[in-house]
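Student: I have a structure here, written as structure tokens, and I will follow up with some questions on it.
The values are calculated or read from the model by the stated rules, or taken from the named source; none is laboratory data. Quick caveat, the model's predicted, so the values are computed rather than measured. Glycine also receives a Cβ, built like all others from the backbone with ideal geometry; neighbour counts cover every protein chain displayed. Heavy atoms of the whole protein, side chains included, go into the accessibility calculation; ligands, DNA and RNA do not. Shrake-Rupley method; radii C 1.70, N 1.55, O 1.52, S 1.80 Å.
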Amino acid sequence: KVLILDFGSQYTQLIARRVRELNILSEIHPYNKIPLNIEDYKAVILSGSPNSVRGEDVLHPDLSKIRGHKPLLAVCYGAQYLAHFSGGEVAPSNTREYGRANLSYVKENDPFFGLISKGSQVWMSHSDTIKTLPTNAVLLASTQDVENAAYKIEEEQTYAIQFHPEVYHSTDGKQLLENFLINIAGLEQDWTPDSFVDETVSALKHQLKDDKVVLGLSGGVDSSVAAMLLHKAIGENLYCIFVNNGLLRKNEYQSVLDQYQGMGLNVKGVDASARFLDALAGESDPEKKRKAIGRVFIEVFDDEANQIEDVKWLAQGTIYPDVIESVSATGGPSATIKSHHNVGGLPDFMKLKIVEPLKALFKDEVRRVGASMNMDKALLGRHPFPGPGLAIRILGDITPEKVRILQEVDAVFIDNLKKWNLYDSVWQAGAILLPVNSVGVMGDERTYEKCVALRAVESTDGMTADWVNLPYEFLQKTSNEIINKVKGVNRVVYDISSKPPATIEWE
Ligand code: XMP
């Protein structure tokens, strides 16, 4: 596998993904927390950084076990770092070096630039520039504005590039990573979804033996794929619990439960709708609503888990973005690791050990692993849905009648997205019930009814998002259908806010 040392670049995760796309496992670690088992990594990549090697906030990694011992690729800040502290010189650049550039010189017959020729487009993003190469370095490539765009220190197997091979706009970036990782570092491309399933299942068997494991299913992709892996490993010793909080989509509880049973999972459905709705009655503060749902979920889950005699483990569908400890832009690794929002705070008395079979995977990899286990495409392609469910899409207090109205509206919207083949191109969609009544006219009658907002966004990870430009005709038909079919609604609006400054959910 490949070690990526993070110096806080916004592109660090992209490097990890590009490496994984070559079927090679990669892991991100903060630059100052180099793993102790360094011998397990066959190559190392240094990321970019918002910091400067000339400033007071220079980040110093300890490369004593890496440089000269392993193939090393230094990107942007990494390239400047090696230059600045090994006999070269780094200075502020005179011209702005952002965006597209083309290679104007490429050293011939060097394996690092194999199959990449002069003219290739690369992506620059830096304000310092390498004026003089470090000791023993050989120039490998230049652009018009950046003479020292790539170099190598041959006897060390160290390569350095000023541009970013990981971004889409570096046209041959993937080829470059392939040249370095496969041709130079000799890594095998054996990290595939199938191999992941085989290795994980046998590791889980070894780890869990005959122990019992409890897992909370949410209906989403992550917990479902985690359950399938565990099911393959330990069969009936996996006890799944699927809680109906009364805030799921229309008919979702029954259909998802049926689907899980069809997959052969040992799953218990718990309909706790009344308990959740009771706890929410009269509450309209968004944070208090979330807290109430979290609390009741833990109570219900605990009650159920306690009925499983001698259960030892709690399994969670945590994925890699939740556990990466990254370096913050202000320098220094940020201490906070996000806790999994759905089953975050189980009380101590449960004393369960935690097992997280997906914690090395990105979301798209989770989907591919699910596909390699022949899981249902519709389940794997599902939009994300928040743990607190429709509660954070009903603004103000929650009543069973409001839940019913929103379920109906949401069902029309989502069904139509599917009918129009728009569902898969939208990252997430849903409806919001506003605490607003407005005047309308139906037939000859005056109405004074609820208003709903529709929201559809595109995103890759939910951190940033933009609204989707749905066809007017689709919006027109959907709006008509909602007002005609759903009693209590006489007005539909479409949310055209991006995140930031808005968020995806309204609460
Ligand atoms: P926001 O509203 O913060 O949402 O832009 C980003 C993504 O996170 C989902 N979300 C949640 N998921 N528990 C979850 O499991 C939660 O409490 C929660 N709150 C928001 C939201 O649906 C979107 O995909």
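Student: Quick query: amide H of Asn266 versus all other amide H atoms, modeled in the peptide plane; which residues come in under 5 Å with a sequence gap of 5 or more or a different chain?
Tutor: Cys240
Student: At what distance in nm do the modelled label points of Glu505 and Asp466 sit from each other, each positioned 7 Å from its Cα along Cα→Cβ?
Tutor: If labels sit at Glu505 and Asp466, their model points lie 2.5 nm apart.
Student: What is the set of long-range amide H partners of Tyr494 at a cut-off below 5 Å, with H atoms built 1.01 Å from backbone N?
Tutor: For Tyr494, whose amide H was placed from the backbone, the distant partners under 5 Å are Leu454.
Student: What does the convex hull of the Cα atoms come to per residue for the chain, in Å³?
Tutor: In the chain, the Cα hull volume divided by residue count equals 173 Å³.
Student: Any idea how far apart Asp194 and Asp57 come out in nm if each label point goes 7 Å out from Cα toward Cβ?
Tutor: Each label point is offset 7 Å from its Cα along the Cβ direction, giving 4.7 nm.
Student: What FRET efficiency do you get for Glu325 and Val493 if R0 is 51 Å and r is their Cβ-Cβ distance, rounded to the nearest 0.05?
Tutor: Between Glu325 and Val493 the formula returns 0.80.
Student: Ignoring ligands, DNA and RNA, what percent of the accessible area of segment 41-162 is carbon or sulfur (1.4 Å)?
Tutor: That fraction is 44 percent.
Student: For n ≥ 4 DSSP H runs only, could you compute -39500 (n - 2.57) per run for the chain, divide by its residues and tell me the 222 nm figure to the nearest 500?
Tutor: -9000 deg cm²/dmol
Student: Does segment 378-450 classify as rounded, prolate or oblate by the C-alpha gyration tensor (a ≥ b ≥ c root eigenvalues; a/c under 1.5 gives rounded; else a/b over b/c gives prolate, otherwise oblate)? Write down the numbers at each step before the final one.
Tutor: On the way: a/c = 3.01, a/b = 1.54, b/c = 1.95.
Oblate shape, in that a/c is at least 1.5 and b/c is the bigger or equal ratio.
Student: Once phi is turned into θ = phi - 60°, what whole-Hz ³J(HN,Hα) does the Karplus curve with 6.51, -1.76 and 1.60 give for every residue of segment 388-398, x standing for Gly and Pro?
Tutor: With coefficients 6.51, -1.76 and 1.60, one gets x, x, 5, 4, 8, 10, 10, 6, x, 6, 10 Hz.
Student: By how many nm would the segment from Asn136 to Phe85 lengthen if fully extended, with 0.36 nm per residue of separation less the alpha-carbon distance? Present the calculation step by step, with values, prior to reporting the outcome.
Tutor: Numbers: separation 51, 0.36 × 51 = 18.36 nm, distance 1.30 nm.
Taking Asn136 through Phe85 to full extension adds about 17.1 nm, to one decimal.
Student: Of the accessible area of segment 193-380, with the probe set at 1.4 angstrom, what percent is carbon plus sulfur?
Tutor: 49
Student: Given segment 193-380, what whole percent of its Cα pairs are spread farther than 19 Å?
Tutor: 62
Student: To the nearest 20 Debye, how big is the dipole of the chain about its Cα centre, given +1 on the beta carbon of each Lys and Arg and -1 on that of each Asp and Glu?
Tutor: Taking the Cα centre of the chain as origin, the dipole is about 540 debye.
Student: Calculate the length of the line joining the C-alpha centroid of segment 1-39 to that of segment 225-272, in whole Å.
Tutor: Spelled out, the Cα-based centre of one part sits 34 Å from the other.
Student: Sequence gap at least 6, Cα distance under 8 Å: using those rules, report the relative contact order of segment 193-380 to the nearest whole percent.
Tutor: RCO, segment 193-380: 27 percent.
Student: From Cα pairs below 8 angstrom and at least 6 apart in sequence, can you work out the relative contact order of the chain, rounded to a whole percent?
Tutor: Value for the chain: 11 percent.
Student: Output wanted: per-residue J couplings in Hz (rounded whole) for segment 179-187, from phi through Karplus 6.51 cos²θ - 1.76 cosθ + 1.60, θ = phi - 60°, x for Gly and Pro.
Tutor: Karplus values, whole Hz, x for Gly and Pro: 4, 5, 6, 8, 6, 8, 8, x, 6.
Student: Tell me the angle of helix 193-208 to the major Cα principal axis of the chain, expressed in degrees between 0 and 90 and rounded to the nearest ten.
Tutor: 70
Student: Per residue, how much accessible area does the chain show when a 1.4 Å probe rolls over the protein heavy atoms, in square angstrom? Display every interim value, and only then the final one.
Tutor: Working: 23480 Å² over 507 residues.
Ligands and nucleic acids excluded, the result is 46 Å² per residue.
Student: Ok, one more. On full extension of the chain, what length is gained from Glu147 through Ser104, given 0.36 nm per residue of separation minus the C-alpha to C-alpha distance?
Tutor: Working it through step by step, the gained length comes to 14.6 nm.
Student: If you take the square roots of the eigenvalues of the alpha-carbon gyration tensor of segment 2-184 and sort them as a ≥ b ≥ c, do you get rounded (a/c under 1.5), prolate (a/b over b/c) or oblate?
Tutor: rounded
Student: Would you kindly derive the ³J(HN,Hα) couplings of segment 484-492 from the backbone phi angles with the Karplus curve 6.51 cos²θ - 1.76 cosθ + 1.60 (θ = phi - 60°), listing them in order in whole Hz, with x for Gly and Pro?
Tutor: 6, 8, 9, 5, x, 10, 10, 8, 10
Student: With an 8 Å Cα cut-off and a minimum separation of 6 or more residues, compute the relative contact order for segment 399-494 in percent. Don't skip to the end; give the middle numbers.
Tutor: Details: 140 pairs, mean separation 28.3, N = 96.
Computed value for segment 399-494: 29 percent relative contact order.
Student: Continuing with the same structure: At R0 = 45 Å, how high is the FRET efficiency between Glu236 and Trp420 if r is their beta carbon distance? Nearest 0.05 is fine.
Tutor: 0.60
Student: Hey, another quick one. Cα-based Rg (one decimal) and Dmax (whole number) for segment 450-507, in Å?
Tutor: Cα-based Rg and Dmax for segment 450-507 come out at 12.8, 35 Å.
Student: Can you tell me the 0 to 90 degree angle between the C-alpha axis of helix 363-372 and the longest principal axis of the chain, rounded to 10?
Tutor: Long axis of 363-372 versus the principal axis of the chain: about 80 degrees.
Student: A further question on this structure: For a quick check: with amide H placed at 1.01 Å from N, whose amide H comes under 5 Å from Ile324's, ignoring anything fewer than 5 positions away on the same chain?
Tutor: Counting only residues 5 or more places away or on other chains, the set is empty.
Student: Next question, about the same structure. Report the FRET efficiency, 1/(1 + (r/R0)^6), for Ser438 and Asp364, where r is their Cβ-Cβ distance and R0 is 45 Å, rounded to 0.05.
Tutor: 0.60
Student: With charges set only on the Cβ (+1 for Lys and Arg, -1 for Asp and Glu), what does the dipole of segment 399-494 come to about its Cα centre, in debye to the nearest 20?
Tutor: On the way: 11 positive and 13 negative charges, 58 e Å.
Roughly 280 debye, rounded to the nearest 20.
Student: Follow-up question, since we're still on this one. Quote to one decimal, in nm, the extra length available between Glu309 and Ser372 on full extension: 0.36 nm per residue of separation minus the C-alpha distance between them.
Tutor: That works out to 19.4 nm of additional length.
Student: Setting aside same-chain residues fewer than 8 positions from Lys131, which lysines have a Cα under 18 Å from its Cα?
Tutor: The reachable lysines, counting only those whose Cα sits under 18 Å from Lys131, are Lys152.
Student: Additional query: Roughly to the nearest percent, how much of the accessible area of segment 399-494 is carbon and sulfur, given a 1.4 Å probe?
Tutor: 51
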